[in-house]
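Below: one structure, written as structure tokens.
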Amino acid sequence: MNRLYVDSVMKAFDTKQVLTDVYLTCEPGEIVGLLGRNGSGKSTLLKIIFGSLKADQKYIKVDNTQIFRLYDSSKLITYLPQDNFLPGHVRIKTIISAYCNRENAVILKKLSQLKPLLNRKARNLSSGEKRFVEILLIIHSDAKYILIDEPFNGVAPLYIDYIKQLIREQAVNKGFIITDHDYRNILDVASKIILLHDGGTREITDREELVQWGYVSGTVDG
Amino acid sequence: MRLILGIWLFYKKIFVPAMAVAVILTLLDLLLTRTLSLYITGFSFIMLAPVFHFILYEFRNPGQYYFYYNLGLNKLSLWASTIVISFIIGIILFAI
């Protein structure tokens, strides 16, 4: 079956057990919103799925391929980390050519928001501009499953709706797992909500459950 | 093709400072011995490239590894590329 399957993930840092009972799936066409308090292990889980962080135990499969390490996820999963990762010494147009296939590279290079940045080196961009470029690159990558850690952090409000629209468009053929502390935007864009609580995952079917699990206080809007 | 471009982008950042220091060492050797030896340049470059790899990526910008991970290049392959490319450039300098 075509899906990203994540089960039995366990991870401890020193004596702190961060992940104990993780189960989630993501299919092409799905946008999974991963919510959780600070330190609940959201970024840790995304890194484990991507393969850049070793888990104490895990069972991760993409379609029929089991993911043991980073190399196995190549071309199947891309991951946008919290921190900027663009190489400062490279021009944006070259970065786009390296990341995207020819068709998507043409689309990105024609975007009015990116045109003024194309000939600039990544180190000369502001943090917000870098983040915007990174999100566009990841969303337009060839991978079947895309993991995004805090996409809306530091991005101008003007671009947030645009990014959500792009994610919805690209999710026709791809699966997305997105986490962000701005939970309203996650609730808005996600087709499935997963809450990380006490090291385990809970699927949220009713937004009021977020209050019951203690993730937000009061009524959930958005 | 995009994989090769990724390796080149990664290596470009190491090449410039490693070659600059190798050339400076060659010039110092020229001043001391009055003979130009590209052997010094090649040998210095082979030794310096992994040092700059460590300083620029492992120490100063570990987050940039994710850029290359997403291109399908893991840390082992990036270290291997640094060593192999530097060795080839060093050998070419020996041969001149």
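For segment A:36-72, accessible area lost to neighbouring protein chains reaches 10 Å² or more, against the chain alone with a 1.4 Å probe, at A:Lys47, A:Phe50, A:Ser52, A:Leu70, A:Tyr71.
Excluding ligands, DNA and RNA and using a 1.4 Å probe, chains B and A jointly bury around 1700 Å² of accessible surface, summed across both partners. The residues of chain B expose on average 55 square angstrom of accessible surface per residue, using a 1.4 Å probe on protein heavy atoms.
Taking the protein heavy atoms of chain A in the context of the full set of protein chains, the accessible area attributed to carbon and sulfur is 45 percent at 1.4 Å.
Compared with its chain on its own, segment B:44-76 contains the following residues whose accessible area drops by 30 Å² or more in the full protein assembly (probe 1.4 Å; ligands, DNA and RNA excluded): B:Gln64, B:Tyr66, B:Phe67, B:Tyr69, B:Asn70, B:Leu71, B:Gly72, B:Asn74. Among B:Tyr68, A:Tyr183, A:Tyr23, the sequence by solvent-accessible area, most first, with a 1.4 Å probe is A:Tyr23, A:Tyr183, B:Tyr68. Along its principal axes, the protein assembly as shown has C-alpha extents of 81, 47, 36 angstrom, given from the largest down. Remark: accessible surface ordering of B:Met1, A:Met10, B:Met19, B:Met47 (largest first) is B:Met1, B:Met47, A:Met10, B:Met19, probe radius 1.4 Å. Per residue, the average separation of C-alpha pairs within less than 8 Å and at least 6 apart gives segment A:118-222 a relative contact order of 20 percent. Note on segment A:97-211: Rg/Rh from C-alpha atoms, Kirkwood Rh, equals 1.00. Note on segment B:1-82: Cα-Cα pairs beyond 16 Å make up 54% of the total pair count.
Sequence-distant contacts, meaning Cα pairs under 8 Å at least 6 residues apart, place the relative contact order of segment A:1-92 at 30 percent.
In the protein assembly as shown, helices alone account for a calculated mean residue ellipticity at 222 nm of -14000 deg cm²/dmol, with every DSSP H run of four or more residues adding -39,500 (n - 2.57).
With the full set of protein chains in place, find how many percent of the accessible area of chain B is carbon and sulfur; take the probe as 1.4 Å. The nonpolar share, carbon plus sulfur, comes to 80 percent. Just want to confirm a number: the relative contact order over chain A, from Cα pairs under 8 angstrom separated by 6+ residues, in percent. It comes to 29 percent, rounded to a whole number. For a paramagnetic label modelled on B:Ile55 (point 7 Å from Cα along Cα→Cβ), amide N atoms under 14 Å away belong, within segment B:13-34, to B:13-25.
Provide the net charge surrounding A:Val172, with neighbours chosen by a C-beta distance below 14 Å and charges set as Lys +1, Arg +1, Asp -1, Glu -1. Here the charged neighbours net out to 0. In the assembled protein chains, A:Glu129 presents an accessible area of approximately 60 Å² (probe radius 1.4 Å).
Interface burial in segment A:75-91, defined as at least 40 Å² less accessible area with all protein chains than with the chain alone at a 1.4 Å probe, covers A:Phe85, A:Pro87, A:His89. Note on segment A:1-62 and segment A:78-142: Cα centroid distance 27 Å, given to the nearest whole angstrom. Beta bridges per DSSP, both residues in the protein assembly as shown: antiparallel share near 50 percent. Residues considered: A:Asp188, A:Asp142, A:Asp206. Largest GNM mean-square fluctuation over chain A, using C-alpha springs under 10 Å, is found at A:Asp206.
Computed from the C-beta positions of B:Leu38 and A:Asn173, the FRET efficiency with R₀ = 51 Å rounds to 0.45. Per residue, the accessible area of segment A:44-175 comes to 44 Å², computed with a 1.4 Å probe over protein heavy atoms only.
The values are calculated or read from the model by the stated rules, or taken from the named source; none is laboratory data. Predicted model, so just to flag it, every value in this text is computed and none were measured. Neighbour counts are summed over all protein chains in view; Cβ atoms, including those assigned to glycine, are modelled from backbone coordinates with ideal geometry. What goes into the accessible areas is simple: the full protein's heavy atoms, side chains included, and nothing from ligands, DNA or RNA. Shrake-Rupley method; radii C 1.70, N 1.55, O 1.52, S 1.80 Å.
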